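Quick notes on the structure that follows.
The values are calculated or read from the model by the stated rules, or taken from the named source; none is laboratory data. Owing to the predicted nature of the structure, the values given are computational and were not obtained by experimental measurement. When we count neighbours, we look across all protein chains shown, and the Cβ atoms used for this are built from the backbone with ideal geometry, even at glycine. Keep in mind that these areas ignore ligands, DNA and RNA; they rest on the heavy atoms of the full protein, side chains included. Shrake-Rupley method; radii C 1.70, N 1.55, O 1.52, S 1.80 Å.
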Amino acid sequence: MIKIINLYKTYDQHKPHEFVALNDINLHIKPNELVVLKGVSGSGKSTLLGAIASFTKPTSGDIICQGKSTIKLPDRHSSVFRQHRVGFVFQAFNLIDGLNVWDNVAVPLVLNPPSDMDDKITKALKLANIYDKKAQKSSNLSGGEKQRVAIARAIVNDPDIILADEPTANLDKANSQIFVDILRQLKNMGKTIVIATHDNIFDDLDFVDRHIDIADGKIDS
């Protein structure tokens, strides 16, 4: 499903003191596997998620998703790849405050609206347990509710891969547990899931397949 080969990401690589964000990452994530990337802030886990999603281009190495290399895709093709293959749950939610819940979830669909657009949005909202708030402005929601809208937006296109960057960082214990319950449903639906976190809530979950420690841009083996 996802194969990462000799991946490097450096910044200011032409200056004397370059910063190595990712250092020779090799990782194979199988279909329907749920992997938790664990590390402190600045360890490289969010950079790795961004590279998998084609938000950022690595300096060298390769990322193969569903048999296709993604690192050299032009920006337009990267956007198409994300739209159809990857759902991304951002730490800061990245909702549009002026839009209601329904319209926020519809954003990934607006450029190429499918004939079953309403059905897709309804299904995503119900799975994320936020359908009852569909008419509310996102600016009026609690942090937990915003997270559920962000999840609904990430899954509205029924992607095979779901990436979540510090998904419980802004949530209290009760809302973190709601996220875990939704995560279990997505796992049961056959999704491949990668979570970047420093939260211990994922440590003892029986449906997590692997925990991978990252420090200083390297996988701790």
inquiry  = Probe radius 1.4 Å, ligands and nucleic acids ignored: give me the carbon and sulfur share of the accessible area of segment 51-207 as a rounded percent.
reply    = 48
inquiry  = Longer than 29 Å from Cα to Cα, which of Lys9/Lys137; Lys68/Lys146; Lys45/Lys146; Lys30/Lys126; Lys120/Lys218 are they? Say none if no pair is.
reply    = Lys9/Lys137; Lys68/Lys146; Lys120/Lys218
key: Solvent exposure of segment 88-221 as accessible area per residue, Å², 1.4 Å probe   = 48
message = Compute the distance from the alpha-carbon center of segment 96-155 to that of segment 1-52, in whole Å.
response = 30
ask   = How much mean residue ellipticity at 222 nm does the chain get from its helices, if each DSSP H run of length 4 or more adds -39500 (n - 2.57) and you divide by all residues, to the nearest 500 deg cm²/dmol?
value = -9000 deg cm²/dmol
task = With θ set to phi - 60°, apply the Karplus curve 6.51 cos²θ - 1.76 cosθ + 1.60 along segment 97-113 and write out the HN-Hα couplings as whole Hz, x wherever there is a Gly or Pro.
result = 4, x, 9, 7, 4, 4, 5, 4, 5, 6, 3, x, 9, 5, 6, 9, x
note = A correct Karplus calculation of ³J(HN,Hα) over segment 69-75, with 6.51 cos²θ - 1.76 cosθ + 1.60, θ = phi - 60°, whole Hz and x for Gly and Pro, returns 5, 10, 6, 9, 5, x, 3
message = Rounded to the nearest 5, what % of DSSP beta bridges with both residues in the chain are antiparallel?
response = 50
note = The ³J(HN,Hα) series, computed from each phi in segment 210-219 with the Karplus coefficients 6.51, -1.76 and 1.60 at θ = phi - 60°, rounded to the nearest Hz and given as x for glycine or proline, is 8, 10, 10, 8, 10, 9, 6, x, 10, 7
By average C-beta atoms within 10 angstrom, highest first, the peptides 20-30, 181-191, 39-49 = 39-49, 20-30, 181-191
